[in-house]
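Structure record follows, encoded as structure tokens.
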Amino acid sequence: MNLLRAVSTIGGLTLVSRVLGMVRDMLMARYVGAGMASDAFLIAWRLPNLFRALFAEGAFAAVFVPMFNRKMAEADTAEPGSGMVAARAFAGQVLSVLLPVLIVFTAVMMLAAGPVVYAMTGGFPDGGPEKFALARHLTIITFPYLGLISLVSLLGGILNSINRFWVNAAAPILLNICMIAALLLFRGQSEAETAVTQAIAVTVSGVLQLLWLIIACRQSGVSLKLSRPCLSPDVKAMLVLIAPAAIGQGAIQFNLLISTSLAARYLGEGSVSWIYYADRLNQLPLGLIGIGVGTAILPLLSRQIGSGNPDAANNTQNRALELALFLALPAAVALVVAAVPIIHGVFQYGAFTAADTVATARVLAAFACGVPAYVLIKVLTPGFYARADTKTPVRLALVAMLVNLVGNLILIWPLGHVGVGVATAISAWVNVGLLFGVLYKRGHIQPDARLIAKAWRILVAAAVMGVALWLGSRLADSFMDGRLIERITALAVLCGGGGALYGLAALALGTYRLGDIKTMLRRKA
């Protein structure tokens, strides 16, 4: 497997999904704004979206993929050619247990939608019973997505295990297409009616994603059969590991859930929406870089560790850290320095006002200070999961979540919604420090001379780019009240110019040479 190509494949398709997600959010800002209906929908969307992040991008990748790969390797060792049969049987056992659990859990959560929304929002003290009733209604509509996306995650884990990364990475595109279609073709006469069409689109997209993965699995020769649910030793082992993995991988998402709930309880109307829109831009680097690198290295690390080659595993993680820093640091600098023109150009239209732009840009700058940390968490945690250790990351994630909660409670009063972003960024860096510290102490990771030499060069190149973006931001912002094509052009020039300058600075500093890049593209790990 070529690490850079695998990351490029996953990241490229994730980029398509995130671009469509940006289009979706632009339309949502235009037609729903940042008020009562928007806050209600975003609360209803938060829990299903949390489970998507935990399972699609977290627990199944962290636990199921290594176990599936080990099953293939062990069976092939005993009897060459039998690996896929054994692994497929294991996946079928998992599906037979998972499906009834998901059906019951989803039904219970839909029936308990009122208490769930109240627990998250305190009944929306700022919006009254109408806002609470709308959030409850939207929650009932969106909750089936939770069960559907969990099944998608299982099938996606199988495809990732056989190196068909692109199929699973393409699935979220269907979510954004459905929500864009709902906004353009089926929106209601009011903001609340439009929010309802968005909730329906979420669940419809879950059905389409599941069909997409089923078809792809069958084309790859993987067809799972349902049987009577049975907690086999393998399934029990997976269930023991999966809950800690979900918490460990989902620390960022849990932190955001806590922050959103506190904002709904204690801050004014619009705060939940400002945090959401800022987080959408903040999540771009995580989706394009962190998830891509983490997904690509996990099967490779599992095989290297399983074959007793710790030096190769250390080299893989060093190169993954190097690549993550090279891509994440400039993204963080750009989001901090150019937050206002980016928010202005992307969202300020229709129901989304200039005041909304300023409020969202402030929390985006705070969130973005943690971008490298969010990415590094996704790169470091496979070092534990490849060794079947899911307990340590969850303990460290719980510490980070406690830091986030305390930080929110301290900062939300003097800084308002911006305090949410600051607390989230601080907790992410605490999580990174703990993850790296434990791996280093156990001898599972040792920064090599190449990583250390490149890290400071990456930092200097990102600083050069940051100065240029700061100088160009005011000029770019003057074009953001024009037509859509003018906004897009100005943002493309600002961000593209900054990216080009960063690349030139990196080459000038010797961070990478053209020959290095060509070698990485050709080489298989």
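Each value in this text was obtained by applying a stated rule to the coordinates, not by laboratory testing. Computed from a prediction, not measured in an experiment: that's the story for all the values here. Every residue, glycine among them, receives a Cβ derived from its backbone with ideal geometry; neighbour counts consider all protein chains shown.
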Arrange the following residues from fewest to most other Cβ atoms within 10 Å of their Cβ: V375, V337, V204. V204, V337, V375
Given an 8 Å cut-off on Cα distances and at least 6 residues of separation, report the relative contact order of region 313-466 as a percent. 35
Contact order relative to length of region 178-220, as percent, for alpha carbon pairs under 8 angstrom and 6 or more apart: 35
Residue-by-residue Karplus 3J(HN,Hα) for region 459-470, coefficients 6.51, -1.76, 1.60, Hz, glycine and proline x: 4, 5, 4, 5, 5, 4, 4, x, 4, 5, 5, 4
Give me the Kirkwood hydrodynamic radius of region 3-522 in Å, from all C-alpha pairs, to one decimal place? 23.5
For 490-497, 361-368, ranked highest to lowest by mean beta-carbon neighbours within 10 Å, the order is 361-368, 490-497
Residue order, fewest to most surrounding Cβ atoms within 10 angstrom, among V467, V23: V467, V23
Pairwise FRET efficiency - R228 versus V101, Cβ, R0 = 25 Å, nearest 0.05: 0.95
Counting other beta carbons within 10 Å of each residue's own, what order do L98, L284 fall into, fewest first? L284, L98
